[in-house]
Amino acid sequence: MTRILSTAAAALFLATAGLVAVLPGATRAQTAAEDPQIEIVEMVQGAEDAPVTLMEYASFTCPHCANFHEGPYKQLKKDYIDTGKVKFVFREVYFDKYGVWASMIARCAGPEKFFGITELMFKGQSEWARAGGDGAIAGELRKIGLLAGIENDALDSCLNDAGKLRALVAWYQENATADDVSSTPTLFINGEKHPNMNYADLSALLDEALAE
C-alpha cells in the first residue's frame with residue numbers, strides 16, 4: 001500500500017523539525033543562521049524546454065518509491081528524459097526524520113550529484129532504513145554520502161544545518177499542501193495528478209501528453 005502521511009503526523013513532524021540536533025554521530029555542530037530566505041533548489045533532470053513535465057513526489061523511506069525508481073524510472077529516463085521529451089522534477093516528502101536525513105545527504109553535493117545519490121538511497125533502502133536505531137541508520141546514510149564522494153567535513157556541515165532542515169520541511173509542506181499530496185509516489189504530468197502506476201501506463205500517458 002502506498003504510504004500516506006496524515007495531517008496530524010505532518011503537524012507533529014513540523015513541530016519536532018525545529019530541533020537543533022539533526023543527526024547523531026556528527027563530529028562538529030554547525031548550524032545555519034535562522035534565515036527564512038534559505039533557498040531550496042528544485043531538483044530537475046532533462047531538457048528545460050521539454051514539451052512534457054513529469055513531477056514526482058517521493059519519500060526516501062517509501063518502499064513503493066524505491067520500487068518505482070528501481071523499475072519504471074530507469075526506463076522513463078532512457079526513453080523520455082534523456083531524449084529531451086520529458087523534464088523530470090523530483091520533490092521530497094517527509095514521513096519521518098530518516099527521510100529528512102536522507103534528503104540532506106542527497107542534497108549535500110548539489111544538483112550535480114543529487115540523482116546519483118538518490119539512486120543509491122533507493123537501491124539500498126532496505127538496508128539503511130532497517131539498520132536499527134538512530135545511530136545505526138545515520139551511520140548507513142553517511143556511508144552512502146561517502147560512497148558518492150562527499151568528504152566527512154562536508155557531510156558534517158550538511159547534516160548539522162538546522163536552518164536548512166527547517167527550510168526543507170517548510171518547503172515540502174508548502175508544496176504538498178498546494179498540490180494536495182498525501183501519499184507517495186504521486187505523479188504530476190503537465191500539472192495533472194496521477195497515482196503510482198506501472199511503466200506501460202505511465203508511458204501511455206506521456207505519449208498522450210506529447211501528442212497534444
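Computed quantities for the displayed model
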quantity	calculated
Computed accessible area, ARG91, all protein chains, 1.4 angstrom probe, square angstrom	30 Å²
Inter-part distance where the range 50-105 and the range 183-212 are each reduced to a Cα centre, Å	13 Å
Accessible surface, the range 91-212, averaged per residue in Å² (probe 1.4 Å)	43 Å²
Nitroxide proxy distance, nm - points 7 Å out along Cα→Cβ at LEU147 and ASP82	2.1 nm
Dimensions in Å of the range 95-211 - Rg and Dmax from alpha carbons	16.4, 50
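The values are calculated or read from the model by the stated rules, or taken from the named source; none is laboratory data. No experiment lies behind these values; they were computed from the predicted model shown. FYI the Cβ positions are ideal-geometry reconstructions off the backbone, even for glycines, and counts take in every protein chain you see. SASA here: full protein model, heavy atoms, side chains in, ligands and nucleic acids out. Shrake-Rupley method; radii C 1.70, N 1.55, O 1.52, S 1.80 Å.
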